[in-house]
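Values in this text are rule-based calculations from the coordinates and carry no lab data. Predicted, not measured: the structure shown is a model, and the values here were computed from it. No Cβ is skipped: glycine too gets one built from the backbone with ideal geometry, and neighbour counts run over all protein chains shown.
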Amino acid sequence: MLWQKLKRLLYVQKPELNPEQIVDKKTELHNKYISFKQLLDANNNALKAMNELEGALRSSRPFGMVFISGQTSRASISVFSMISHLNALSGNKYRRLEPIFKDIEAEIKEIIEQKHVPSSDRLIISLSDINKNHTDLVGSKMAVLGELSEKFPELNVPKGFVITSAGYNLLMENSGLETEIQRLIRTALIENQADLYRTSSKIQMLIINTILPEALARAIKQAYSEFEKQVGFNAPVAMRSSAVGEDETGTSFAGQYKSELNVTPENIFSVYKEIIAAKYSVTAMSYRNRMGIPDELVPMCVGCMEMIRARCGGVAYSRDPLNMSEDRVIVSAVPGLPKPVVDGSLTPDRYVFTGENQSLLLEKKVNIKPFRIEVLPTEGIKKTENSLELSSAPSLTDEQARLTARTARLLEEYFKTPVDMEWAFDHNGLLVTLQARPLAGADTPKGLESQAPDEYRERLIIQGGETACKGSAFGKIFHVKDNQDMLQFPENSIMVTRLALPRWASVLSRASGVITEQGSVTGHLGSVAREFSVPAIFGLKNSMDKLENGLEITMDADGKRVYRGEIKELSGQKVTAEGIMQGTKIHKILTRVLKFITPLHLTDPDSVDFRPGNCRSLHDITRFCHEKAVHEMFEMGNITDLSQSGGKRLVVDVPMQWWVLDLEDGFKEPVEGKNVHISNINSLPMLALWKGITAMTWEGPPPMDGRGFMSVMVQATSNPDLSDSGPSIYANKNYFMISRYFCNLTSRMGFHFSTVETLVGDKAYENYARFSFKGGAADMRRRKMRTGFIAEILKNYDFQVESYDDSIFARIRGGSDEFMVHRLQILGYLTIHTRQLDMIMLSQEKVSYYYEKIIRDIERIFPIN
């Protein structure tokens, strides 16, 4: 009693904050949180840009310097934003990153700004003079047609010419049109549909009412005159949009731009302006805004092509889009123009072919086609009702369908990926290729999409997840859980791990394949796997349990399947396929640029080499910024005076004090007064922790021996901060700082201090949790044993753990929201149920008992779905 009174006399209580200080502290914390959130957004954008650039190397889609410049700018802007937000978060502790970033950016700019590819101011270019290197000049759609016309004359690509991006730029510069359009876009509220409609209408009318520049009008007339000499006097044209960036890597724009069929020469000017104006339709503007594509990076080119008066037409898929691994070509056909197949207004006839040279007709289904779209004799098209006989007649002969299927497969071999081909048969029976592009949702190089023959199906062990890097591999399974496993990893083994952590990247040079239970294909490890061309499947649930150490397996990353033993038809197929741009100057430029963007050298945050001076790529900087930002947020948990003075008291049926400070969107409803009910909490990670904290009633401290009791007494009388009865503001008070997806918990329970900080959302590669634990009432030896006890439990649930004396630090990252919620529930449980276990740590029997009990409780209370 005397000692307790003396402690109260000597203790000086820290004064509470006044209202002005509370406001200042709240603002400071809120600004830090906003900087952190914006850093994560920038990280997401940077990784997306890097993945787009990386994927373009092997893509079957053409691209040009506009794509490279746009994506490198997107990556650079995002990385610089990360640096700025990290410095705002840390009080400018990482200014050293800025000159390093500028040096890397200068290297990239030097490569891009060299005149590797001659620019062109040609307003018009003939389709016969176009190939894939002209993507920036004519758009990818027309570049592909020009390439096919050059490589495959037998495909009968329509004759014609293209009004280029230079022509578009000339139109936009005319009479200040571009300036006014950009002004309207900047002042528009794109998210407001009514305002977007008004802006779209104003821009389209501006374009339609403008007069074509004389130079452009003269160039179009001259090009049409040459076109007439090839196809006939006064020949109508099909005018097709071909935006730069359309159908390029990572974007689609499918059906969002305008094309017009059967246009007479006197209307080419007006239809051209209508197609340009359609770039500013509500749908197209919304798509560009959603994808973060600047308007100026999408110049609109227009192809003016020979109008095919089709007897029948349609679309051919070189593979079944529902099962790419099957050897099937699907031909869809209707009488007349192919428009009803493209827009889905008719159910077409269906022909399915397989076998060598598509010799076998597997399926032929003739549907009722009540109308057809025909070319009018003068201008335009019309809908014509079919007779009963014609509506039920096959659109194609079997041989015509087979020829179409063979042509689609020919294009697949050239593109090295499944293709979508629009075609028509003219009235002379000639097959004409109208358009070709990689099949949506498929960018799998030919030869890598195979699956095991039927006789191997019984060997299938597990399937699912996502393809992070294409290819197949054979080898022995090796589980990687910690740094020791990394050091012992055998050459040419297949790494199986729970989480797709960046630190595992150092293993990839020795791995033949990678399988993870959690992780995003756009995360750091996925990027490195693609850099090393190591076949990888991410998000394959239960793979750690089903794929035991030492098991020989064949993994098929494309099919997302794992087989027992070696399947020679699959094993060893790493990604070696070349993209369509392989060998071009554009491809070489991108290869050089990527050396400063995507390689990841900083993989281990615990290494002495994990510092700004070792950042050699934009990817390194993103990794460094993300890791240090998480560390800075963890330090926020030390501010408990604000949580008490400016937070809300949590109303719960738990005999402890819990305080909550809402950083942003942490409460479902605004809170007046000093209390907030648990039912009003909107924070996903806080609710997960709370479920663990309250899942099971604490049974109280375990019985201790005499030495344990004396150890507690010594600690209690020698450390004034460890008194429950003294005036310490920490006694039995616990503090949450929360937002919808973020939570920082600082907890004091008796003689034990712990902190949890976590972010949990739908982006797995951003998710993380950090946990620290310190203290205890027993002597140091017992506290250290308790630290080891907790460490073993956490390792059992995939945490990376470090311990020093009576302190423990653990972290986990990269799991899905479901996975992270489960681990947070475990942390909440441990925060409560490991209290005072240090007092019994000299009895190994009791240690084993409580370890097994806690594991049983966790497995029972928090089962994994």
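Structure notes:
- Note on Arg459 and Asp327: with the Förster distance fixed at 25 Å, the Cβ-Cβ geometry gives a FRET efficiency of about 0.75.
- With only Cα atoms counted, the stretch 454-564 has Rg and Dmax values of 12.3, 40 Å.
- Within the stretch 223-246: backbone nitrogen closer than 12 Å to the Ile381 label point (7 Å, Cα to C-beta): 238-240
- Across Lys476/Lys560; Lys481/Lys541; Lys476/Lys628; Lys32/Lys763; Lys470/Lys628; Lys48/Lys102, pairs whose alpha-carbon gap is larger than 24 Å: Lys476/Lys628; Lys470/Lys628
- Modelled spin-label separation between Glu802 and His631, with each label point placed 7 Å from Cα along the Cα-to-Cβ direction: 0.9 nm.
- For Gly245, residues with placed amide H under 5 Å, excluding near neighbours: Ser140
- Eligible lysines near Lys585 by straight Cα distance, threshold 17 Å, same-chain separation 8 or greater: Lys109, Lys115, Lys132, Lys595
- Length gained on full extension, Leu388 to Val366, computed as 0.36 nm times the residue gap minus the Cα-Cα distance: 6.6 nm.
- A cut-off of 5 Å between modelled amide H atoms, ignoring neighbours fewer than 5 places along the same chain, links Lys733 with Arg748.
- Ile864 paired with Gln114, simple spin-label distance in nm, labels 7 Å along Cα-to-beta-carbon: 5.0
- Of all DSSP beta bridges in the stretch 454-564, antiparallel share, percent nearest 5: 60
- Taking 0.36 nm per residue of sequence separation and removing the Cα-Cα distance, the Asn209/Lys795 pair yields an extension gain of 204.1 nm.
- Virtual paramagnetic centre 7 Å along Cα→Cβ of Asn428, amide N under 18 Å, in the stretch 312-328: 312-313
- Residues of the stretch 508-531 with amide N under 11 Å of the 7 Å Cα→Cβ point at Glu491: 510
- The string of couplings for the stretch 213-226 from the Karplus curve (6.51, -1.76, 1.60, θ = phi - 60°) is x, 4, 5, 5, 4, 5, 5, 5, 4, 5, 5, 5, 4, 5 Hz, one whole number per residue in order, with x for Gly and Pro.
- Reachable lysines from Lys202, criterion Cα separation under 17 angstrom, eight or more residues apart if same chain: Lys273, Lys279
- Amide H contacts of Phe667 (H built 1.01 Å from N, in plane; Pro and chain starts excluded): Asn682 sit under 5 Å, all sequence-distant by 5 or more or on other chains.
- Ranked by how many other beta carbons lie within 10 Å on average, peptides 33-46, 797-810 from highest: 33-46, 797-810
- Label point distance in nm, Val652-Asp41, each placed 7 Å from Cα along Cα→Cβ: 3.1
- In this calculation the C-beta distance from Ser128 to Lys668 is compared with R0 = 56 Å, giving a FRET efficiency of 0.30.
- Here the calculated FRET efficiency for Lys151 and Ala235, from their Cβ-Cβ distance with R0 = 25 Å, stands at 0.45, rounded to the nearest 0.05.
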